[in-house]
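To start, the structure itself, in structure tokens.
The values are calculated or read from the model by the stated rules, or taken from the named source; none is laboratory data. From a predicted model like this one, the values you see are computed outputs, not experimental measurements. Every residue, glycine among them, receives a Cβ derived from its backbone with ideal geometry; neighbour counts consider all protein chains shown. These area figures cover heavy atoms from the full protein model, side chains too; ligands, DNA and RNA do not enter into them. Shrake-Rupley method; radii C 1.70, N 1.55, O 1.52, S 1.80 Å.
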Amino acid sequence: MAKAQNGNMSIAGKLFAVIACALMTGFMWRVRGDHGWGSMWGMFAVGVMLILFIYAVFGDRKKMNYELLPLSVLLLGITNGGWGTLNSQMEGYLTSTAPFTGEEAARLVEIDPVHGLYMMLFLGFGWMPLFAFTVASMFSKKEYKLRHYIILIAVFYAVTYIFKFSLSHFILEAIHPEAVAYCKEGFADRGIDLSPMMAYIKEFGSASWAKKIPFARNYFTSIDVMSAAFGALFTSLAALVVLKDRFTALISFLINAVCSLSITVADVFLIIDSDRGILPPVGEVPLWIKNPAWSLWEFFTGFLLGGGIMLILVLLPKKYIAEESFTPVIPIKSRPLHYICSAGALYTFMLSVTLIRPLGMRIGTHLFEAGKVGDEDTAGTVIAVVLTVIAAAVWFLLNRSLLKEEKLPSKYTPSQFSKKAALIYFLLTAAVYFFTDDALPFEGIRTKEEFLTQWNNGWLTVLLLSLTAFILFLIFYTLTVKNVKKHTRIEVKEFD
């Protein structure tokens, strides 16, 4: 099997990379929804593995420096949105979340499931635009400096907030009129004499305020995800118009589109048994699929997303992934300060906090359940901080010789480092996921009846899927790495 370096793999190697990335991202996205991760912190963990995998596959390119590793992870996590009531609307139903006055339960009303489809597509497109732009810029022929990243980040947030407080409200009324009409009913029930738009502006989009009012949470969430999607679109357009970079504009748009389709297509597990959803009726759905529908949605969102991103990258024209020599660029003139900032962000935030926080939170929960602490969140946070400090100290001690040189955070090139770090981080994540909570039902299967119970409630479905993805990723990751040249010449420029 022919091998080439820096991303110029054989066809088989590209196939291995796509499969490995799909399995890895599916596993990590399932993990992100588990206790200890969740929301932004869960996306940080997904981002760690995604960017390490991309670095490992595409070699030591000029732009793939150590500084972009933790930055990419940060940019992926901070744009993390929320789906609230959105991911069930393709069933053809919408929940009020909060009950109306005099009613004990939230209302469930019928809506057009196509409107739910629109919202899911918006949700996915605005999920990771800054990460998409950063990844695209790594392969672009344009020379990117810090100011270019600042410009596009500013564009994203400026456009997002402009749409939040103006245009998104009119667009929502045009494409999802039921969301607006039902929100008005909720306001009337609470005696709120404001339009949904004015209430959103007055409360500055506060989700905690909206969730107390029937249908308001859905309205606020819809405005947020639509605005983020337009922010993502204009970020790609800014790369094209302002930075004159057609490549980054196109690739960032495609990555956002893949995320949009992935999060929407995987939603099939949540709507498959609907009697009036966007899909035709399929009859009775087995309990081992129906009960773990949320976890299946999480896994296959990541599976489709990871495979899609890697497919885009491995199919890039050769001129964008041709061999390059790694040349460290030092953005901070002070050598000691550069090393401390670069290594600190890499070892403390990216590789320690993102893994140790969920471990600390899980330990805190166990101590709380055992009656040894009074507040599980506080205990978990304290444990996470202590373990992070210890882990960061270990990282620095192992690389203390580099502190004297004050050049790179590791003796390896970024690609070589990422190949090792990706495997270690994945294994440690799997250990925390499987062995520190209830992912493995050690005491829950002792009889045939208990087995059937665990099978029907979906526990075993998720377990078997996670274990299969874990094992297959290790196999395909090994095959992928073998198709990438292991060493690249390093050109270390002296500091000015």
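Here the chain yields Rg over Rh of 0.98, to two decimals, using C-alpha coordinates and the Kirkwood radius. For Tyr93, nonlocal amide neighbours, meaning residues 5 or more places apart or on other chains whose placed amide H falls under 5 Å from its own, are Ile111. Taking 20 Å as the limit for the C-alpha separation, the pairs Lys142/Lys420; Lys62/Lys319; Lys142/Lys411; Lys141/Lys244; Lys145/Lys244 exceed it in the case of Lys142/Lys420; Lys142/Lys411.
When region 178-243 is described by a simple charge dipole with +1 on each Lys and Arg Cβ and -1 on each Asp and Glu Cβ, the residue from Ala228, Ile213, Phe187 located farthest towards its positive end is Ile213. Stretched out straight at 0.36 nm per residue, the stretch from Ala105 to Leu146 would grow longer than its current Cα-Cα span by 9.6 nm. Amide H contacts under 5 Å for Gly33: Gly38, restricted to partners 5 or more places along the chain or on a different chain, H placed in the peptide plane at 1.01 Å from N. In order along region 31-42, phi translates into HN-Hα couplings of 5, 4, x, 8, 4, x, 9, x, 6, 4, 5, x Hz, rounded to whole numbers, per the Karplus curve 6.51 cos²θ - 1.76 cosθ + 1.60 with θ = phi - 60° and x for Gly and Pro.
Counting only protein heavy atoms and a probe of 1.4 Å, the accessible surface of the chain is 66% carbon and sulfur. Lys290 sits among other residues whose Cβ lies under 12 Å from its own Cβ, and their net charge, with Lys and Arg +1 and Asp and Glu -1, is -2.
Computed over protein heavy atoms with a 1.4 Å probe, the accessible surface of the chain works out to 44 Å² per residue.
When a/c is below 1.5 the answer is rounded, else prolate if a/b is larger than b/c, else oblate, so apply that to region 165-261 with a ≥ b ≥ c taken from the square roots of the Cα gyration tensor eigenvalues. It is prolate, given that a/c is not under 1.5 and a/b is the larger ratio. Per residue of the chain, the DSSP helices (runs of n ≥ 4 H) give a summed -39500 (n - 2.57) that works out to -21000 deg cm²/dmol at 222 nm. Rounded to the nearest 10 degrees, the inclination of helix 459-482 to the longest alpha-carbon principal axis of the chain is 20 degrees. Along region 358-368 the Karplus relation, 6.51 cos²θ - 1.76 cosθ + 1.60 evaluated at θ = phi - 60°, assigns HN-Hα couplings of x, 5, x, 5, 5, 5, x, 5, 4, 5, 5 Hz to successive residues, with x for each Gly and Pro. 3J(HN,Hα) along region 59-69: x, 8, 7, 4, 8, 8, 9, 5, 5, 6, 4 Hz, from the Karplus curve 6.51 cos²θ - 1.76 cosθ + 1.60 with θ = phi - 60°, whole Hz, x for Gly and Pro. With respect to the chain, whose longest principal axis is taken over its alpha-carbon atoms, helix 414-435 is tilted by about 40°. Rounded, prolate or oblate: which fits region 87-178, taking a ≥ b ≥ c as square roots of the Cα gyration tensor eigenvalues, rounded meaning a/c under 1.5, else prolate when a/b beats b/c? Judged from the Cα gyration tensor, region 87-178 comes out prolate (a/c at least 1.5, a/b above b/c). Based on the alpha-carbon gyration tensor of region 1-108 and its eigenvalue square roots a ≥ b ≥ c, which shape applies: rounded if a/c is under 1.5, prolate if not and a/b is larger than b/c, or oblate? Verdict is prolate for region 1-108.
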